[in-house]
Amino acid sequence: MKPFRIATVAVAASALLLAGCAGAGPDTGGETTGNVIKIGMVNPMTGSVAWAGVPIAQGAQTAVKEINDSGFLGDATIELTISDSEGDPAKAISQYKGFDSDGVLGVICCSISSEAGSFAQLAATAQLPTVANGATLAGLNAPPYIYRPLVLPADPGGMYSQVAEAVVAEADVTTAVVVETADNEGNVADANQWIADLTSKGVDVLQTIDTFQADTDFTVAVTNIVSLDPDLVVFSTQGPKSATMIKGLRDRGFTGLTASSYGVAVPSVWEVGGSSLEGTIFPLPFSPISDSERTKTFVADYQAQWGVEPDLYGAQGYNAMWFLAEGIKAAGPGADREALAQALAGLTEFELASGNVVKMVDGQAKLADKVIIAQWNADGTQSLWP
Amino acid sequence: MELLLQQLINGLSLGSLYAIFAIGFGLVFANMGILNVAQGSVATWGMIPAYLLTYYAHLPFWLALIAGVVGAGIIGLIAEWLAFKPLRDRNAGMLGSIIVAVGIWIILLNLAELVLGPNPTAMPEGTFPSAPLDVLGFQIPPVFILNWLALAVVVVGLSVFLAKTRFGAAIRAVGFKPEAVSIVGVDPRVVFSVIAFMAAAIAGLAGVLTAVSTNNVSPITGEGLMLKGFAAVVIGGFGNIRGAVIAGIGIGVLEALTMQYLSSTFRDAITFGLLLLFLLVRPQGIFGELKVSRA
């Protein structure tokens with residue numbers, strides 16, 4: 001093969017450099033170096049779910065700053081290394097293994113369910129304490145090595161059940177269509193819970209429509225929904241995609257109710273759906289205007305660090321890092337992975353960024369409180385529903 | 001029946017985007033011998049200036065569209081001068097151009113992520129009318145009409161240019177033998193530059209129209225066009241405009257009907273199954289010509 005010209009080499013080198021920067025793997029040292037505790041984080045910073053991954057990472061970094069600045073761990077400080085999984089499960093697994101071999105004390109992972117599926121086995125094999133921050137995949141929690149301080153919205157009687165009950169009671173809903181992201185196990189499980197709840201209330205679920213994470217054109221799905229003309233359309237999909245479909249429905253004259261998983265709650269979704277989102281109903285696990293002290297501290301610190309208010313994904317990252325820190329504190333100075341794993345297992349309660357205190361049952365957060373149900377308004381604000 | 005016809009209309013619009021993209025992709029492949037896997041990212045980079053100009057400068061859509069098309073064309077030109085021409089001068093062959101195209105793809109994709117950020121967005125509300133027109137009881141969003149018009153303009157314009165102009169003849173000739181073009185007094189470097197600009201501009205047009213049609217502006221907007229456009233080129237015949245149109249529209253209609261009457265799960269499987277079938281049974285495509293090499 002003849003040698004390439006300099007320009008060709010430059011193009012190839014630039015591409016490799018940019019790709020390398022985007023997908024940098026972990027380069028941490030041992031579990032604890034001096035007073036520095038090394039924690040790894042596998043997170044989609046680029047790619048199709050970066051809109052959630054970036055605030056999750058920012059929330060975790062805000063928590064690290066709070067932990068280090070407040071001396072929460074005494075002389076020890078946390079050093080958080082974030083690897084960009086790009087939303088690719090194979091990359092996520094590879095990066096997790098990299099953190100394991102680099103000897104970090106613990107890992108934060110699993111922003112999306114498609115990444116999370118293999119981590120239970122990996123964590124058990126590596127005996128590496130792992131805190132899942134956003135994936136709603138059922139059964140992910142597996143003490144003593146995997147914990148999830150995230151209230152599952154699709155728990156029976158949980159967020160989505162409460163929304164379904166309220167919608168049926170308030171809005172005279174008799175027919176529904178449910179839209180799910182078919183290649184996201186968490187979204188599928190959520191959709192199944194929506195269907196079960198609606199069906200139990202006597203609602204006829206006319207059809208479940210499958211979409212996929214890589215989809216950007218929903219014209220066919222929207223046309224199908226309009227033809228079915230249900231009283232209610234429920235979106236168990238990622239927020240921006242829900243917003244796109246809701247806009248498509250409203251453009252085509254659909255006048256029924258729309259409800260969604262909480263992914264539609266973040267402000268960035270308004271950029272996609274605009275005023276078409278008016279009236280869309282969703283559960284709100286975190287609001288930056290909550291008057292709890294925990295929320296006020298989080299919001300102030302996040303805003304100071306990033307210049308914007310945190311959303312519910314920022315809160316997820318924040319919760320995961322603080323949960324891990326509480327385990328590290330409980331394990332004591334110089335703790336190894338096994339000590340941390342046992343300490344995390346001993347945490348029976350945890351205060352979320354929302355101010356809610358959850359019970360940790362078998363490594364999974366359980367919320368007893370009623371969820372806030374909100375809706376988008378025509379001017380881009382949110383208010384309580386009904 | 002009404003739903004079937006409505007989904008057919010949807011498929012025709014979707015297919016027209018694939019066809020527009022395939023025409024540009026095929027132009028490069030047939031006349032420059034480059035399998036430009038970066039073409040999808042070029043489409044995204046046609047969308048980006050259009051989005052930025054409508055969002056920040058509040059430019060009217062038509063001006064933003066032109067800016068996006070020209071911007072994508074310039075990117076194609078830069079890629080030609082900095083990457084593909086040096087390879088051609090060294091006779092690096094198709095493998096070399098594919099490798100470089102992958103590099104360009106990664107660069108453009110990462111730059112798109114830097115510029116647009118992590119949050120998917122959309123063209124600002126009111127950029128282009130979104131309320132569908134009622135035509136004989138069927139809903140036709142105005143962007144569908146724009147897609148069909150754009151396809152017609154590209155097809156007619158490019159066909160006339162290639163068939164009826166001296167430069168068009170030079171473009172057709174340069175794919176066979178660049179030296180032959182010099183004989184008639186046309187600099188092959190200029191010809192390649194024009195091909196690169198036109199192909200990228202067409203991709204940029206597809207990118208802008210896709211962003212409006214799907215209400216989606218993200219770094220991966222153009223990636224969905226890449227695979228389907230490639231399939232359309234293979235099925236329709238490399239470098240054949242008529243084939244790209246028929247195949248592109250056919251794929252769009254097939255996708256729409258598959259999603260409606262089978263499942264979205266089978267959408268890509270059917271499209272690429274068709275691609276595989278053509279590669280096995282008729283590799284030259286519907287309208288391509290089979291080339292025979294003698295030992």
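Considering every residue within the range B:145-153, establish whether at least one is under 30 Å from A:Met45 (Cβ atoms) and of a type in the set (Gly, Ala, Ser).
Filtering the range B:145-153 for residues under 30 Å from A:Met45 (Cβ atoms) gives none.
Taking every residue of the range B:145-153 in turn, none turns out to be under 30 Å from A:Met45 (Cβ atoms) and of a type in the set (Gly, Ala, Ser).
Kindly establish whether B:Ile241 is in contact with a Leu (Cβ under 8 Å, 6 or more places away or on another chain), modelled with pLDDT under 95 and either farther than 18 Å from B:Asn147 by Cβ or of a type outside the set (Val, Ile, Thr) (or both). Talk me through it step by step, then tell me what you get.
On the way: in contact with a Leu (Cβ under 8 Å, 6 or more places away or on another chain): yes; modelled with pLDDT under 95: yes; either farther than 18 Å from B:Asn147 by Cβ or of a type outside the set (Val, Ile, Thr) (or both): no.
Considered against the rule, which asks whether it is in contact with a Leu (Cβ under 8 Å, 6 or more places away or on another chain), modelled with pLDDT under 95 and either farther than 18 Å from B:Asn147 by Cβ or of a type outside the set (Val, Ile, Thr) (or both), B:Ile241 comes out as no.
Yes/no per residue for (1) out of contact with any helix residue (DSSP H, G or I) (no Cβ under 7 Å at 6 or more places or on another chain); (2) at the interface with another protein chain (Cβ under 10 Å from one of its Cβ atoms); (3) in a strand (DSSP E or B):
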position	(1), (2), (3)
B:Leu95	yes, yes, no
B:Ala101	yes, yes, no
B:Leu109	no, yes, no
B:Asn119	no, yes, no
B:Phe144	no, yes, no
B:Leu151	no, no, no
B:Val155	no, no, no
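Looking at (1) in contact (Cβ under 8 Å) with a residue 60 or more places away in the chain; (2) within 14 Å of another protein chain (Cβ to nearest Cβ), which is the only condition B:Thr214 fails?
Of (1) in contact (Cβ under 8 Å) with a residue 60 or more places away in the chain; (2) within 14 Å of another protein chain (Cβ to nearest Cβ), only one is false for B:Thr214: (1).
Restricting the first residue to the range B:14-36 and requiring it to be farther than 17 Å from B:Ala256 by Cβ, which pairs with a second residue that is part of a helix (DSSP H, G or I) and of a type in the set (Ser, Thr, Tyr) meet a Cβ separation below 8 Å and a spacing of at least six or different chains?
B:Gly33/B:Ser97; B:Ile34/B:Ser97; B:Leu35/B:Ser97; B:Asn36/B:Ser97
Counting residues that are modelled with pLDDT under 95 and not assigned by TED's automatic domain parsing to the domain that holds A:Ala341, which helices (runs of 4 or more DSSP H) fully inside the range A:129-245 reach at least 2? Show your work before the answer.
Numbers: elements: A:159-171, A:185-200, A:219-228.
Filter on the range A:129-245 gives A:159-171, A:185-200.
Residues that are at the interface with chain B (Cβ under 9 Å from one of its Cβ atoms), part of a helix (DSSP H, G or I) and basic (Lys, Arg): does the range A:290-300 have at least one?
Quick first cut of the range A:290-300, residues at the interface with chain B (Cβ under 9 Å from one of its Cβ atoms) only: none.
Checked the range A:290-300: no residue is at the interface with chain B (Cβ under 9 Å from one of its Cβ atoms), part of a helix (DSSP H, G or I) and basic (Lys, Arg).
Which ones in the range B:51-91 are charged (D, E, K, R) and farther than 21 Å from B:Leu108 by Cα? If you could, list the steps in order and put the result at the bottom.
Of the residues in the range B:51-91, the ones charged (D, E, K, R) are B:80, B:85, B:88-90.
Within the range B:51-91, B:Arg88, B:Asp89, B:Arg90 meet the criteria.
If I ask for residues that are of a type in the set (A, V, I, L, M, F, W, C) and closer than 14 Å to A:Asp231 by Cα, which ones from the range A:196-220 would you list?
If we filter the range A:196-220 for residues that are of a type in the set (A, V, I, L, M, F, W, C), which is where we start, we get A:196, A:198, A:203, A:205-206, A:209, A:212, A:214, A:218, A:220.
Those that are of a type in the set (A, V, I, L, M, F, W, C) and closer than 14 Å to A:Asp231 by Cα: A:Leu198, A:Val203, A:Val205, A:Leu206.
Hey, among A:Ser161, A:Ser236, which residue is touching a Ser or Thr at 6+ places or on another chain (Cβ under 6 Å) and more than 14 Å from every other protein chain (Cβ to nearest Cβ)?
Numbers: A:Ser161 fails: touching a Ser or Thr at 6+ places or on another chain (Cβ under 6 Å).
Among A:Ser161, A:Ser236, only A:Ser236 is touching a Ser or Thr at 6+ places or on another chain (Cβ under 6 Å) and more than 14 Å from every other protein chain (Cβ to nearest Cβ).
Can you tell me which of B:Gly11, B:Gly46 is within 14 Å of chain A (Cβ to nearest Cβ), in contact (Cβ under 8 Å) with a residue 24 or more places away in the chain and buried (at least 24 other Cβ atoms within 10 Å of the Cβ)? Steps first, answer last, please.
Details: B:Gly46 fails: within 14 Å of chain A (Cβ to nearest Cβ).
Unique residue meeting the criteria: B:Gly11.
For (1) out of contact with any helix residue (DSSP H, G or I) (no Cβ under 8 Å at 6 or more places or on another chain); (2) at pLDDT below 90; (3) within 15 Å of B:Val233 (Cβ to Cβ); (4) crowded, with 20+ Cβ neighbours inside 10 Å, each residue gets a yes or a no:
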{"residue": "B:Gly252", "(1), (2), (3), (4)": "no, no, yes, yes"}
{"residue": "B:Gln260", "(1), (2), (3), (4)": "no, no, no, yes"}
{"residue": "B:Arg267", "(1), (2), (3), (4)": "no, yes, no, yes"}
{"residue": "B:Thr271", "(1), (2), (3), (4)": "no, yes, yes, yes"}
{"residue": "B:Leu276", "(1), (2), (3), (4)": "yes, no, yes, no"}
{"residue": "B:Leu279", "(1), (2), (3), (4)": "no, yes, yes, no"}
{"residue": "B:Ile286", "(1), (2), (3), (4)": "no, yes, yes, no"}
{"residue": "B:Val292", "(1), (2), (3), (4)": "yes, yes, no, no"}
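Within the range B:144-155, does at least one residue satisfy the condition of being farther than 21 Å from B:Ala19 by Cα, of a type in the set (A, V, I, L, M, F, W, C), surrounded by fewer than 20 Cβ atoms within 10 Å (Cβ to Cβ) and under 21 Å from the mean Cα position of the chain (by Cα)? Break it down stepwise before answering.
Here is the first cut: in the range B:144-155, the ones farther than 21 Å from B:Ala19 by Cα are none.
No, because not a single residue in the range B:144-155 is farther than 21 Å from B:Ala19 by Cα, of a type in the set (A, V, I, L, M, F, W, C), surrounded by fewer than 20 Cβ atoms within 10 Å (Cβ to Cβ) and under 21 Å from the mean Cα position of the chain (by Cα).
Residues checked against (1) closer than 30 Å to A:Gly355 by Cα; (2) surrounded by fewer than 19 Cβ atoms within 10 Å (Cβ to Cβ); (3) touching a strand residue (DSSP E or B) at 6+ places or on another chain (Cβ under 8 Å):
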| position | (1), (2), (3) |
| --- | --- |
| A:Ser242 | yes, no, yes |
| A:Lys247 | no, no, no |
| A:Ala265 | yes, no, yes |
| A:Glu278 | yes, yes, yes |
| A:Asp291 | yes, yes, no |
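Is it true that A:Tyr313 is within 14 Å of chain B (Cβ to nearest Cβ), in contact (Cβ under 8 Å) with a residue 40 or more places away in the chain and either under 23 Å from B:Ala122 (Cα atoms) or outside any loop (DSSP other than H, G, I, E, B) (or both)? I'd like the intermediate steps shown before the answer.
Values: within 14 Å of chain B (Cβ to nearest Cβ): yes; in contact (Cβ under 8 Å) with a residue 40 or more places away in the chain: yes; either under 23 Å from B:Ala122 (Cα atoms) or outside any loop (DSSP other than H, G, I, E, B) (or both): yes.
Spelling it out, A:Tyr313 is indeed within 14 Å of chain B (Cβ to nearest Cβ), in contact (Cβ under 8 Å) with a residue 40 or more places away in the chain and either under 23 Å from B:Ala122 (Cα atoms) or outside any loop (DSSP other than H, G, I, E, B) (or both).
Would you say A:Val308 is free of Cβ contacts under 8 Å to residues at least 60 places away in the same chain and part of a loop (DSSP other than H, G, I, E, B)? Walk me through how you get there before you give the answer.
Details: free of Cβ contacts under 8 Å to residues at least 60 places away in the same chain: yes; part of a loop (DSSP other than H, G, I, E, B): yes.
Answer is yes for this residue.
Regarding B:Leu114, is this residue under 28 Å from A:Gly253 (Cα atoms) and among the aliphatic types (A, V, I, L, M)? Outline the logic, then answer.
Values: under 28 Å from A:Gly253 (Cα atoms): no; among the aliphatic types (A, V, I, L, M): yes.
Spelling it out, it is not the case that B:Leu114 is under 28 Å from A:Gly253 (Cα atoms) and among the aliphatic types (A, V, I, L, M).
For the range B:189-237, which residues satisfy the criterion of being farther than 21 Å from B:Leu114 by Cα, modelled with pLDDT under 90 and small (Gly, Ala, Ser)?
The one that is farther than 21 Å from B:Leu114 by Cα, modelled with pLDDT under 90 and small (Gly, Ala, Ser): B:Gly237.
Among the residues of the range B:217-237, what is the count of those that are away from every other protein chain (no Cβ under 12 Å) and of a type in the set (Gly, Ala, Ser)?
Residues flagged as away from every other protein chain (no Cβ under 12 Å) and of a type in the set (Gly, Ala, Ser) within the range B:217-237 amount to 5.
Does at least one position in the range A:326-333 carry a residue that is in a loop (DSSP other than H, G, I, E, B) and in contact (Cβ under 8 Å) with a residue 24 or more places away in the chain? Please lay out each step first, then the result.
Of all residues in the range A:326-333, those in a loop (DSSP other than H, G, I, E, B) come to A:332-333.
Then drop every residue that is not in contact (Cβ under 8 Å) with a residue 24 or more places away in the chain, which leaves A:333.
Scanning the range A:326-333, I find at least one residue that is in a loop (DSSP other than H, G, I, E, B) and in contact (Cβ under 8 Å) with a residue 24 or more places away in the chain, so the answer is yes.
Does A:Ser287 count as surrounded by fewer than 24 Cβ atoms within 10 Å (Cβ to Cβ), among the small types (Gly, Ala, Ser), over 17 Å from A:Phe235 (Cα atoms) and within 8 Å of chain B (Cβ to nearest Cβ)?
No.
Considering only the range B:5-51, state which residues are of a type in the set (Phe, Trp, Tyr) and either at positive phi or under 9 Å from the mean Cα position of the chain (by Cα) (or both). Write out each step before concluding.
Keep residues of the range B:5-51 that are of a type in the set (Phe, Trp, Tyr), which gives B:18, B:21, B:25, B:29, B:45, B:51.
Across the range B:5-51, the qualifying residues are B:Tyr18, B:Phe21, B:Phe25.
Give the number of residues within the range A:57-84 that are more than 19 Å from A:Arg148 (Cα to Cα) and small (Gly, Ala, Ser).
Matching residues across the range A:57-84 total 5.
The values are calculated or read from the model by the stated rules, or taken from the named source; none is laboratory data. The structure displayed is predicted, hence computed values, not measured ones. Cβ: placed from backbone, ideal geometry, glycine included. Neighbour counts: every protein chain shown.
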